[in-house]
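The values are calculated or read from the model by the stated rules, or taken from the named source; none is laboratory data. Here the structure is a predicted model, which is why all the values come from computation and not from measurement. Using ideal geometry, Cβ is built from the backbone for each residue, glycine included, and neighbour counts are taken over all protein chains shown.
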């Protein structure tokens with residue numbers, strides 16, 4: 001199959017689900033999707049570059065950004081990170097990529113959003129009933145990616161998703177797909193595209209939706225202890241299509257300056273842009289900056305910056321990466337991200 005035909009087929013693969021679910025619309029659907037923790041940016045490098053990472057991610061964090069990004073790894077890679085997210089919640093991510101040689105690369109990812117236990121309060125007992133509840137979200141994914149040519153890569157991820165609050169649970173499954181293409185334009189510009197969270201609807205259910213009451217006072221036998229079950233609505237996952245480009249505007253043995261821009265088309269919000277840049281010194285120390293959610297009127301904050309280092313001095317057979325990023329969240333204050341990666 002010729003390259004243009006193959007690329008056209010991939011574009012159709014992306015466009016079909018978007019049109020089928022009626023995503024292309026001028027109306028914002030903010031607040032109408034579940035599992036929105038899947039939209040939280042992963043990795044200090046990606047956050048530091050303002051989320052412009054679809055064509056840039058090339059380590060285990062690509063399991064979040066663009067599944068095709070792991071296809072270029074020549075060895076194994078592991079990334080772990082912790083983020084103190086808004087409203088006293090915590091986001092943790094673990095990504096593992098295993099090199100399969102000529103067969104491609106296999107990836108495993110786990111994401112969790114957690115919070116501390118909170119007291120159960122009622123109208124009758126506003127100070128607490130003595131019980132505590134918790135809420136949390138998890139997503140576990142398996143990714144396969146490989147290079148189809150020396151320039152073109154493709155990757156797919158299947159994910160299990162679960163959200164839980166006290167005794168209610170919602171589960172779902174989703175598919176991510178992504179591509180990257182390296183060109184000869186502008187010093188080797190990379191084009192990346194991905195579709196994320198194309199999957200099933202999710203609905204909370206559990207014993208918390210059960211209650212007791214009188215159904216019909218006019219009927220004999222009706223009483224206050226007749227069990228009833230409240231059926232909640234089901235909601236779509238936050239489907240997201242991203243298209244990004246990146247290139248090195250300056251490269252030498254000592255320095256590299258990369259710029260990137262991503263266009264986002266979500267199912268539950270208006271379109272926006274992410275822009276970012278990275279300056280590398282001897283491929284050892286990195287400075288990053290960016291802005292997220294350009295053109296989105298209701299976005300909170302957006303500016304971000306970060307730094308990182310990469311070294312093989314401690315372990316000759318392994319490369320160690322440590323990264324930090326700061327992201328302004330406007331009225332939601334700020335977020336700091338720490339990540340640690342190892343390639344071997």
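Rundown of residues vs (1) more than 23 Å from residue 158 (Cβ to Cβ); (2) at pLDDT 95 or above; (3) out of contact with any helix residue (DSSP H, G or I) (no Cβ under 8 Å at 6 or more places or on another chain), yes/no style:
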site: 9; (1), (2), (3): no, no, yes
site: 14; (1), (2), (3): no, no, yes
site: 20; (1), (2), (3): no, no, yes
site: 25; (1), (2), (3): yes, no, yes
site: 79; (1), (2), (3): no, yes, yes
site: 85; (1), (2), (3): yes, no, yes
site: 92; (1), (2), (3): no, yes, yes
site: 98; (1), (2), (3): no, yes, yes
site: 105; (1), (2), (3): no, yes, no
* Go through 189, 196 for me and flag whichever is under 25 Å from residue 67 (Cα atoms), crowded, with 20+ Cβ neighbours inside 10 Å and in contact with a strand residue (DSSP E or B) (Cβ under 7 Å, 6 or more places away or on another chain). => 196
* **Selection count, the range 61-77, where residues are under 20 Å from residue 40 (Cβ atoms) and surrounded by fewer than 18 Cβ atoms within 10 Å (Cβ to Cβ)** => 0
* Before we move on, is residue 241 closer than 23 Å to residue 49 by Cβ and either at pLDDT below 90 or surrounded by 15 or more Cβ atoms within 10 Å (Cβ to Cβ) (or both)? -> yes
* Considering every residue within the range 130-143, establish whether at least one is surrounded by fewer than 18 Cβ atoms within 10 Å (Cβ to Cβ), part of a loop (DSSP other than H, G, I, E, B), within 20 Å of the chain's Cα centre (by Cα) and at positive phi. => no
* Asked: If residue 293 passes every condition in (1) at positive phi; (2) crowded, with 17+ Cβ neighbours inside 10 Å; (3) part of a loop (DSSP other than H, G, I, E, B) but one, which one does it miss?
  -> (3)
* **Selection within the range 206-222 - in a loop (DSSP other than H, G, I, E, B) and in contact with a strand residue (DSSP E or B) (Cβ under 9 Å, 6 or more places away or on another chain)** => 214, 215
* **Filter result for residue 122 (under 30 Å from residue 69 (Cα atoms) and out of contact with any strand residue (DSSP E or B) (no Cβ under 8 Å at 6 or more places or on another chain))** => no
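To keep it simple, each residue is scored yes or no on (1) surrounded by 16 or more Cβ atoms within 10 Å (Cβ to Cβ); (2) touching a helix residue (DSSP H, G or I) at 6+ places or on another chain (Cβ under 9 Å).
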position	(1), (2)
258	yes, no
265	yes, yes
280	yes, no
285	no, no
289	yes, yes
297	no, no
312	no, no
337	yes, yes
* To do: Could you check how many residues of the range 39-60 are surrounded by 24 or more Cβ atoms within 10 Å (Cβ to Cβ) and in a helix (DSSP H, G or I)?
  => 5
